[in-house]
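Step one of this worksheet: look at the structure below.
Please treat every number below as a calculation from the coordinates, not as lab data. Model, not experiment: these values are computed from the prediction.
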């Protein structure tokens with residue numbers, strides 16, 4: 001199993017999602033997800049984006065480029081609420097320094 005496959009499986013399992021459930025989210029077969037996880041196949045760029053969205057992580061995180069999850073789903077929030085969250089994150093980072 002390659003690094004991408006291990007990371008994909010670990011993320012999927014960490015949110016208690018089955019291969020079948022993930023496959024349904026991105027409209028591929030369960031076998032396709034299994035092949036990604038075992039390293040038999042690599043996803044296309046389009047599928048990689050779909051995987052990242054379904055798992056709520058960045059494509060960089062899935063590919064192992066970025067070490068930490070850094071994605072936050074803000075869909076459904078107003079611009080004002082998103083601005084509030086951004087401000088809160090900046091304050092937390094400032095306090096952590």
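Using just the helices of the chain, give the 222 nm mean residue ellipticity in deg cm²/dmol: DSSP H runs with n ≥ 4 each add -39,500 (n - 2.57), and the total is spread over all residues, rounded to 500.
About -19500 deg cm²/dmol.
With a cut-off of 8 Å between alpha carbons and a minimum separation of six or more residues, what is the relative contact order of the stretch 1-87 in percent?
Reported as a whole number, the value is 27 percent.
Once the Cα atoms of helix 3-14 and of the chain are each reduced to a long axis, what angle between those two axes, in degrees from 0 to 90 to the nearest 10, is obtained?
Orientation of helix 3-14: about 70 degrees from the principal axis.
Mind pulling the angle between the C-alpha long axis of helix 45-55 and the longest principal axis of the chain? Nearest 10 degrees, somewhere in 0 to 90.
The angle comes out near 60 degrees.
Which of these, 27, 36, 61, has the largest mean-square fluctuation under a Gaussian network model of the chain (Cα springs below 10 Å)?
The residue with the greatest mean-square fluctuation here is 27.
With springs connecting C-alpha atoms under 10 Å apart, model the chain as a Gaussian network and identify which of 73, 50, 60 has the largest mean-square fluctuation.
Among 73, 50, 60, the largest mean-square fluctuation in the Gaussian network model of the chain belongs to 73.
With angles folded into 0 to 90 degrees, how steeply does helix 79-96 sit against the dominant principal axis of the chain? Use alpha carbons for both and round to 10.
Computed tilt is about 80 degrees.
Å³ per residue of the Cα convex hull, for the stretch 3-63?
66 Å³
When the chain is treated as a GNM, springs tying every alpha-carbon pair under 10 Å, which of 85, 48, 22 comes out with the largest mean-square fluctuation?
85
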